[in-house]
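Have a look at the structure below before the remarks.
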Amino acid sequence: MIQSLNKLTGEVYEFAADTAEEMIASWSTINETIKALERAKDQLKPLVENIVNYKGVYEGDNFRFRISSVQRFNYNKAVMRQVFDEDLLDTFLEPHKPSVDAYIKENLEDLGESSTLLRESMIEVGKAYQVIKLEKI
């Protein structure tokens with residue numbers, strides 16, 4: 001048996017985990033509960049937009065909603081080419097793997113053996129991590 005505490009409500013969630021079948025059932029229940037709660041939160045988002053003030057803030061009951069707009073920025077490659085020498089620029093630019101994968105797939109015949117060379121020369125990026133999924137078979 002595993003337990004998890006909801007710190008806000010004090011509710012204790014208990015899930016059976018003594019056998020593989022219990023783990024599968026618990027994992028499925030937890031996944032579906034998370035998805036249902038995320039859908040509920042998504043339904044609340046437009047309602048929150050209706051209660052915040054012109055600054056995007058609502059305060060009440062010792063809690064605050066704050067809506068912030070986030071705009072991400074990146075450097076302009078053309079300007080980087082003007083500022084940095086070619087070797088230094090190479091240290092900053094990283095291939096976008098999904099774009100390269102799509103290009104290889106679409107141009108496999110033209111690339112020929114080069115596609116194999118690209119795949120075999122891939123390097124590890126970041127730290128390896130583990131993903132555990134429950135899959136229906």
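The table below lists the values:
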{"item": "Per-residue HN-Hα couplings for region 117-134 [Karplus 6.51, -1.76, 1.60; θ = phi - 60°; Hz; x = Gly/Pro]", "result": "4, 4, 5, 6, 9, 4, 10, 6, 10, x, 9, 5, 9, 10, 10, 10, 10, 9"}
{"item": "Partner aspartates and glutamates for Lys133 [C-alpha distance under 17 Å; skip if fewer than 8 residues away on the same chain]", "result": "Glu21, Glu22, Glu32"}
{"item": "Region 60-137: GluC sites (Glu not before Pro) in DSSP loop, at most 10 other beta carbons within 10 Å", "result": "Glu124, Glu135"}
{"item": "Segment Asp42-Gln82, length gained on full extension (0.36 nm per residue, minus Cα span)", "result": "10.0 nm"}
{"item": "Phi-based couplings in Hz for region 25-38 (Karplus 6.51, -1.76, 1.60; Gly and Pro marked x)", "result": "5, 5, 4, 4, 4, 5, 4, 5, 5, 4, 4, 5, 5, 5"}
{"item": "Across Lys35/Lys127; Lys7/Lys45; Lys41/Lys136, pairs whose alpha-carbon gap is larger than 24 Å", "result": "Lys35/Lys127; Lys41/Lys136"}
{"item": "Virtual spin-label span in nm between Met23 and Ile132, 7 Å along Cα→Cβ", "result": "0.6"}
{"item": "Region 30-137: trypsin sites (Lys or Arg not before Pro) in DSSP loop, at most 13 other beta carbons within 10 Å", "result": "Lys55, Arg72, Lys127, Lys133, Lys136"}
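No value in this document is a laboratory result; all are computed from the given coordinates. From a predicted model like this one, the values you see are computed outputs, not experimental measurements. Please note: Cβ atoms are built from the backbone with ideal geometry, for glycine as well, and neighbour counts cover all protein chains shown.
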